[in-house]
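A short write-up of the structure that comes next.
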Amino acid sequence: MDVVLLSRLQFGLTTIYHFFFVPLTIGLTLMVAIMETMYVKKKDEHYQQMAKFWGKLLLINFAMGVVTGIVQEFQFGMNWSTYSRFVGDIFGAPLAIEALFAFFLESTFLGIWIFGWEKLKPALHAACMWIVALASCVSAFWILLANSFMQNPVGYVINNGRAEMDSFLALLTNPHLQLQYPHVIAGGWATAGFFVLGISAINLLKGHNNAFFQKSLKFATVFALIGALVSAGVGHAQGQHLIYEQPMKMAAAEALWETEDPAGLALVASIDEEQGKNNFEIVIPKLLSFMVYNSFDGEVRGIHELQAEMEAKYGAGDYVPPVAVCFWSFRVMVGAGGLMIGLALLAIFLTRKGKEVQCKYSLTAMGLGIALPYLANSGGWILAEMGRQPWIVYGLQTVSEGVSVAVSSTEVLISLVGFALIYTILAVVDVYLLAKFGVRNVKTGAEEV
Amino acid sequence: MELNVLWFILIGVLFAGFFILEGFDYGVGIMLPFVSKTDEERRVVLNTIGPFWDGNEVWLLTAGGAIFAAFPNWYATLFSGFYLALFLILLALIVRGVAIDFRSKVDNLTWRKTWDILFFIGSLLPALLFGVAVSNFLTGVPIDANMEFVGNLFTLLTPFTLLGGLVFVLVFAFHGCLFLSLKSGVAEINARVKAYTSKIGLVMLVAVVAWVVYAALITGLLSSVLAIGATVLAALCLIGALVLQAKNKNGLAFAASVTAILAVTVMVFGTMFPNVLISTLNPVWSLTIYNACSSPYTLKIMTIVAVTLVPIVLLYQGWSFWMFRKRVTKNDLHY
């Protein structure tokens with residue numbers, strides 16, 4: 001197999017895997033910080049128990065995020081060294097700032113939090129978790145700033161055969177970042193919301209400590225709903241922005257081969273990428289135009305026209321991303337998002353009525369709902385990255401140009417197999433530990449959980 | 001001062017911080033099977049680095065990020081050239097991180113022993129490979145006219161670099177012993193640590209002297225006054241640490257080993273300067289702080305960021321070390 005394909009597989013595998021843990025950290029650090037603050041304010045032992053119980057699951061998840069994150073810092077140079085030379089002047093800075101600004105804070109203060117229950121005053125101890133929560137948002141900011149440059153390069157000049165930074169401010173205010181950042185952060189809230197909601201529901205189904213898990217479940221519904229609504233709302237704005245920024249990604253996400261005015265939205269499609277058409281599709285007329293322009297007419301350009309335009313601009317080549325992958329990952333994300341909003345509303349309705357424990361079916365649905373944000377997060381990133389193909393930096397460098405020269409396909413194969421093996425084993429261990437500490441009776445009183 | 005030089009120094013500082021802090025973490029991991037016999041003792045040993053190890057590891061991530069930001073060509077050539085070595089380091093660091101976090105979460109001896117073995121390997125292997133890597137910084141590696149590494153994993157493994165790997169393992173083990181002697185509150189552990197410190201220290205001195213003499217013969221070590229001075233300082237500090245710990249002055253001994261590791265880093269960076277990666281094929285093809293660096297604008301931005309943030313990081317990491325300065329006993333186990 002060729003080195004580009006193997007390197008892409010490895011980057012995709014390690015990055016999607018890493019991003020199983022990141023959103024939960026973003027959301028759960030905030031939830032635990034709020035729980036502990038409520039304990040400090042209200043002196044209600046229940047909240048301390050909640051902070052300890054969910055904090056334990058957070059730590060398991062955080063450890064996985066840390067160890068899989070080290071790979072991220074290194075693999076740009078390892079597998080994408082030509083890319084690293086080309087954009088290092090811009091791309092290295094946010095990575096270094098992320099480490100210096102966020103990783104140090106996260107790791108140091110989480111260490112203090114774990115070991116400081118007896119050593120620190122309660123308010124100071126809670127403050128440590130606030131710092132960790134804030135640092136995880138800071139971390140997301142810098143890494144998304146770097147990704148935003150790949151999606152929508154700004155603030156650079158091409159000099160000495162590479163992209164050089166000429167405006168740090170332009171990077172900070174990249175329009176892509178302004179939408180992507182809240183989308184990802186809200187996705188983190190939703191992930192944590194549905195995680196706590198689902199695990200609480202499973203415990204209620206098993207008859208564990210009704211009071212404790214009912215309180216957790218109620219707490220989680222707020223996160224689940226706000227997270228799902230905000231990320232959906234911002235996601236809609238992202239789509240409206242995408243039509244100008246990367247029209248090809250939009251066309252691929254909708255499997256829209258021909259330019260249409262008004263454009264219909266395909267719910268499902270049987271996509272023939274060889275022939276460049278859909279053999280079968282169910283389309284709602286005018287809906288895509290409405291989604292994009294808030295109006296039932298308006299032209300949405302199709303893949304064929306955009307391909308011709310890009311050939312004219314960048315020279316001969318295939319500028320069409322893998323259409324089926326984009327189309328379906330988009331639908332997985334949006335579908336999961338829709339289900340999340342529905343499930344969160346259901347949970348809020350039931351907790352308001354005080355009927356959440358009686359309704360076994362909805363508890364089961366909430367338990368299964370843990371998977372939804374993970375599907376949405378992965379689907380979203382697959383669309384974001386695959387939809388940018390063949391570019392590694394949009395309009396500036398292609399993925400196959402960015403790969404390392406000094407690394408052979410055998411070497412990448414070895415590392416790919418190695419990462420796949422160890423990540424699989426760790427996934428089993430992670431789920432085992434989460435189940436062990438997540439599904440159990442909680443001792444009452446101030447006793448440690 | 002030129003920003004290129006400043007960033008070369010700053011990356012040296014980050015590496016020194018990493019070697020000093022993760023050095024004792026690795027050392028504690030390497031000593032784990034030897035100084036603790038029961039599960040409870042193993043927990044005490046692991047908990048001595050409990051609140052610190054993750055923050056210490058960030059020094060490596062920051063060093064990597066800083067190389068990327070300030071010297072993209074250095075990052076690209078080094079990380080793609082040392083591909084399999086880095087892959088092994090990554091595997092080790094992954095295993096090591098989850099091992100310390102997960103081992104005490106299940107009350108089962110097989111589970112715990114498995115993670116402890118992995119923690120040992122995960123500490124030994126990076127220590128060895130970082131020694132190999134640093135030795136290759138000193139000798140240089142085959143780099144062509146396009147700044148690309150033209151070799152493989154075995155190009156990096158020579159008698160000299162393997163000796164360097166051994167030196168790092170021994171220095172970190174010694175450093176870890178001194179750390180344990182300050183942090184362990186369990187007498188049995190301290191007695192074992194004490195017995196090992198002198199033995200490891202003597203072997204370490206022999207290995208370090210052999211490595212330095214070897215380096216003087218085949219690398220540019222002797223052409224840099226700074227490197228020569230740092231080498232002498234490192235040797236004196238290591239001897240001093242050995243003598244001091246024999247007199248039970250463990251705090252001073254640890255300070256001496258910290259200084260020694262700092263001096264070794266100065267020796268390596270002093271020998272390389274102004275190169276960041278020496279080409280053995282043609283000196284003209286070496287990567288330097290000038291042909292590998294970022295634009296003046298990026299360096300300026302990064303300088304402002306680093307000058308602002310590094311002191312703050314030092315402050316709160318220092319606070320964390322101060323807060324958890326007491327010896328770890330069997331009553332305060334979290335991991």
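Couple of notes before you dig in:
- Residue list for the range B:300-335, filter: crowded, with 17+ Cβ neighbours inside 10 Å and more than 9 Å from chain A (Cβ to nearest Cβ): B:Val328
- Selection status of B:Val243, part of a helix (DSSP H, G or I), more than 30 Å from B:Ile218 (Cα to Cα) and within 14 Å of another protein chain (Cβ to nearest Cβ): no
- The condition of being part of a helix (DSSP H, G or I) and under 24 Å from A:Ala63 (Cβ atoms) holds for only one of A:Leu95, A:Leu177, A:Leu145, A:Leu120, that being A:Leu95.
- Any hit, the range A:346-362, residues being under 22 Å from A:Ser7 (Cβ atoms) and touching a residue at least 12 places away in the same chain (Cβ under 8 Å): no
- Matching option when the condition is over 20 Å from B:Pro33 (Cβ atoms), in contact with a strand residue (DSSP E or B) (Cβ under 9 Å, 6 or more places away or on another chain) and more than 13 Å from every other protein chain (Cβ to nearest Cβ), among B:Phe137, B:Phe149: B:Phe137
- Subset of the range A:220-265 [surrounded by 20 or more Cβ atoms within 10 Å (Cβ to Cβ) and free of Cβ contacts under 8 Å to residues at least 24 places away in the same chain]: A:Leu242
- Residue match in the range A:150-166 (condition: more than 15 Å from A:Leu100 (Cα to Cα), under 21 Å from the mean Cα position of the chain (by Cα) and either in a helix (DSSP H, G or I) or without any contact (Cβ under 8 Å) to a residue 12 or more places away in the chain (or both)): yes
- Scope the range B:213-241; condition surrounded by 20 or more Cβ atoms within 10 Å (Cβ to Cβ) and in contact (Cβ under 8 Å) with a residue 60 or more places away in the chain; matching residues: B:Ala215, B:Thr219, B:Leu221, B:Leu238, B:Ala241
- Every residue from the range B:261-314 that is among the polar types (S, T, N, Q), free of Cβ contacts under 8 Å to residues at least 24 places away in the same chain and in a helix (DSSP H, G or I): B:Thr308
- Residue in the range A:71-83 that is at the interface with another protein chain (Cβ under 7 Å from one of its Cβ atoms), in a helix (DSSP H, G or I), out of contact with any Phe, Trp or Tyr (no Cβ under 9 Å at 6 or more places or on another chain) and free of Cβ contacts under 8 Å to residues at least 40 places away in the same chain present: no
- Residue check for A:Glu36: of a type in the set (Asp, Glu) and either under 21 Å from the mean Cα position of the chain (by Cα) or at pLDDT 95 or above (or both): yes
- Boolean, A:Thr424 is modelled with pLDDT under 95 and over 23 Å from B:Trp74 (Cβ atoms): no
- Which listed residue, of A:Leu30, A:Leu95, A:Leu59, A:Leu105, is out of contact with any strand residue (DSSP E or B) (no Cβ under 7 Å at 6 or more places or on another chain), closer than 30 Å to A:Asn210 by Cα, modelled with pLDDT of 95 or more and within 9 Å of another protein chain (Cβ to nearest Cβ): A:Leu59
- For the range B:102-130, the candidate set comprises residues that are of a type in the set (Ser, Thr, Tyr) and free of Cβ contacts under 8 Å to residues at least 12 places away in the same chain; within that set, the residue that is surrounded by the fewest Cβ atoms within 10 Å (Cβ to Cβ) is B:Thr110.
- Of all residues in the range B:104-115, exactly one satisfies the criterion of being in contact with a Ser or Thr (Cβ under 9 Å, 6 or more places away or on another chain) and either at pLDDT below 95 or not basic (Lys, Arg) (or both), namely B:Trp115.
- Residues within the range B:128-182 that are farther than 19 Å from B:Leu217 by Cβ, under 18 Å from the mean Cα position of the chain (by Cα) and not hydrophobic (A, V, I, L, M, F, W, C), tallied: 2
The values are calculated or read from the model by the stated rules, or taken from the named source; none is laboratory data. Owing to the predicted nature of the structure, the values given are computational and were not obtained by experimental measurement. Neighbour counts run over all protein chains shown; Cβ positions are idealised from the backbone, glycine included.
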